[in-house]
Structures are given as structure tokens and as C-alpha cells.
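Presented below is the structure to which this report refers.
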Amino acid sequence: MEIGEKAEEALETLWILTEEAKKPEIAPEDLAEADKETTKQLLEADYISLSGSGIILTEKGRPLARDIVRRHRLSERLLLDVLDLPEVRARIDSIRVSRHHARISVAGCRAVLEDLGSKNGTFMRGERVEAPVELADGDRITIGEVVLVFRVTGIPGSTQTAQQS
């Protein structure tokens with residue numbers, strides 16, 4: 001059965017929380033990216049089940065979730081290490097952070113932060129980012145419960161060639 005991106009994100013979150021954080025079951029609100037339709041799809045496909053007040057991976061869902069996590073991590077390593085792409089992707093392992101949550105675009109000496117339609121929002125200087133906003137050195141960006149500090153390093157311009165003696 002083919003599942004969508006939201007279902008993959010939900011299974012990935014369940015795997016990380018149950019296998020890596022060692023939580024036996026997950027509260028439904030911890031699956032922020034899974035809407036009711038996605039949860040229903042996963043239940044009907046027997047990838048997850050309800051257990052008491054939480055959600056657990058089934059025997060059928062556990063290997064699928066593990067493979068999704070492995071595939072995503074392998075893809076990240078391939079893009080960053082092997083292909084040496086200039087774009088940097090950062091991953092925040094948090095149940096409150098979407099896989100495609102926010103983006104920082106850098107052009108010349110200007111950096112712009114934008115939220116990519118995340119449910120929990122992206123905040124800069126304590127205010128929700130509703131439209132692209134320019135970043136300055138030291139700006140505090142909050143994504144889920146994670147606080148990031150934007151730092152500018154180096155001075156734009158040409159490099160200086162060392163003199164040979």
C-alpha cells in the first residue's frame with residue numbers, strides 16, 4: 001500500500017519516539033503532522049494501533065517506519081556528504097517540528113527566514129513568522145521547543161591572497 005508524505009512523517013515520528021526515546025506509546029497530540037485522515041489511513045492499513053491512551057506501531061508498521069527513518073537518514077547523508085551540495089539541511093529531532101518546517105535562504109550578505117506552512121509555526125524574536133523576514137546576527141529563532149541563534153561569520157567580499165616571500 002502506497003502512503004503519503006504525512007503518513008511517512010507520522011511513522012517516522014512514532015519510530016523515533018518509541019525506538020530512540022524509548023517511549024512505549026505516543027500521545028495522539030505528539031503526532032502534530034498527522035491529521036485525522038492520516039491517522040485513519042495508518043489505522044486501516046494496520047501500521048498503527050490504539051493502546052490505552054496512546055498510539056503504538058504494529059508489527060506491520062514497525063519495519064516500515066524503520067525503513068522510512070533509514071531512507072531519510074541515508075538521503076540526508078547522500079545529499080550532504082557524497083554530492084557535496086551547497087545547500088545545508090538541518091534536521092531537528094522533535095515531535096513539534098515538521099520535516100519541511102522552515103527555510104533560511106542566503107543571497108550575498110542577506111539571509112531571509114520563512115516558515116513553510118508548519119502547523120506549530122516558526123518564531124523569530126518571540127514573534128510568529130507570517131512572511132519572509134530578514135535575519136540579523138544574534139536573532140533567536142524558535143522552531144518547536146528548539147531555540148536556534150543565527151550567527152553571521154566572516155565578512156562578505158573577496159578573499160586576500162597571502163604574499164609569498
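Consider segment 104-131. How many of its residues are over 18 Å from the mean Cα position of the chain (by Cα) and open to solvent by 90 Å² or more (accessible area, probe 1.4 Å)?
Number satisfying all stated conditions: 6.
So which residues in segment 40-71 are farther than 15 Å from Thr13 by Cβ and assigned to a strand (DSSP E or B)?
Ser49, Leu50, Ser51
Just checking, how many residues over segment 15-52 are open to solvent by 70 Å² or more (accessible area, probe 1.4 Å) and at pLDDT 75 or above?
7
The values are calculated or read from the model by the stated rules, or taken from the named source; none is laboratory data. Every value quoted in this text rests on a predicted model; they were computed, and no experiment measured them. All Cβ positions, glycine included, derive from the backbone under ideal geometry; neighbour counts span all protein chains shown. These accessible areas exclude ligands, DNA and RNA; they are computed on the full protein's heavy atoms, side chains included. Shrake-Rupley method; radii C 1.70, N 1.55, O 1.52, S 1.80 Å.
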